[in-house]
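Input: a single structure, listed below in structure tokens.
All of the numbers you see were taken from the coordinates with simple rules; none came from a lab. Remember, it's a predicted structure, so these values are computed and weren't measured experimentally. For neighbour counting, all protein chains shown are included, and Cβ atoms are generated from backbone atoms with ideal geometry for every residue, glycine included.
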Amino acid sequence: MTYIIAEPCLGTCDTSCVEVCPVDCILGPMTVEDLQAVPEDARATKLAEIQMYIDPEECISCGACEPECPVEAIFEEDELPSKWSNYLEKNAEFFENQ
Ligand code: SF4
Ligand code: SF4
């Protein structure tokens with residue numbers, strides 16, 4: 001069982017979840033410092049294609065990240081809405097290429 005980050009993260013990507021993960025298994029294509037440096041009014045456009053991902057091999061399903069997300073992008077595997085079911089694979093794929 002893992003947690004998954006879905007579509008609402010795109011364009012927000014504020015890294016709140018990263019700060020609370022006890023096993024540091026949330027990563028993205030940019031560093032946390034670079035993401036946090038993007039000005040508020042530029043995030044929706046500059047980060048439109050950017051999201052964070054959870055490593056399913058490392059996630060201990062503690063649930064700490066879920067309530068931290070301002071856009072409700074994080075779901076336990078069993079709770080992932082069917083419209084975003086492809087994000088299960090998307091999250092795992094990001095780590096296959098690391
Ligand atoms: S559920 Fe826990 S271990 Fe998994 S990504 Fe969220 S904070 Fe990290
Ligand atoms: S807290 Fe939500 S919006 Fe922010 S990086 Fe994590 S999943 Fe994305």
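Give the residue that is nearest to ligand 2 (Cβ to nearest atom), with candidates limited to residues of the range 10-42 that are within 20 Å of Glu57 (Cβ to Cβ) and within 9 Å of the chain's Cα centre (by Cα). Before you say what the answer is, go through the steps one by one.
At the first step, the residues of the range 10-42 found to be within 20 Å of Glu57 (Cβ to Cβ) are 17-18, 20-29.
The next check asks that each one be within 9 Å of the chain's Cα centre (by Cα); those that pass are 17-18, 26-28.
Details: Cys17: 3, Val18: 7, Ile26: 7, Leu27: 10, Gly28: 7 Å.
That would be Cys17.
Taking the range 75-87 as the search range and keeping residues that are over 11 Å from the mean Cα position of the chain (by Cα) and in contact (Cβ under 8 Å) with a residue 24 or more places away in the chain, which one is surrounded by the fewest Cβ atoms within 10 Å (Cβ to Cβ)? Give the steps one after another, and end with the answer.
First, pick out the residues of the range 75-87 that are over 11 Å from the mean Cα position of the chain (by Cα): 76-86.
Of the ones still in play, those that are also in contact (Cβ under 8 Å) with a residue 24 or more places away in the chain are 76-78, 80-81, 84.
On the way: Glu76: 14, Glu77: 15, Asp78: 6, Leu80: 19, Pro81: 10, Trp84: 16.
Applying the filter and picking the extreme gives Asp78.
For first residues located in the range 1-21 and more than 19 Å from Thr45 (Cα to Cα), partners that are of a type in the set (Gly, Ala, Ser) and more than 9 Å from ligand 1 (Cβ to nearest atom) and lie 6+ apart or on another chain with Cβ distances below 6 Å form the pairs Ile5/Ala73.
Check Glu68, Glu58 and return the single one that is within 14 Å of ligand 1 (Cβ to nearest atom) and over 13 Å from the mean Cα position of the chain (by Cα).
Numbers: Glu68 fails: over 13 Å from the mean Cα position of the chain (by Cα).
Of the residues listed, the single one that is within 14 Å of ligand 1 (Cβ to nearest atom) and over 13 Å from the mean Cα position of the chain (by Cα) is Glu58.
In the range 28-43, is there at least one residue being β-branched (Val, Ile, Thr) and closer than 23 Å to Asn86 by Cβ? Looking for residues that are β-branched (Val, Ile, Thr) and closer than 23 Å to Asn86 by Cβ, one finds none in the range 28-43, hence no.
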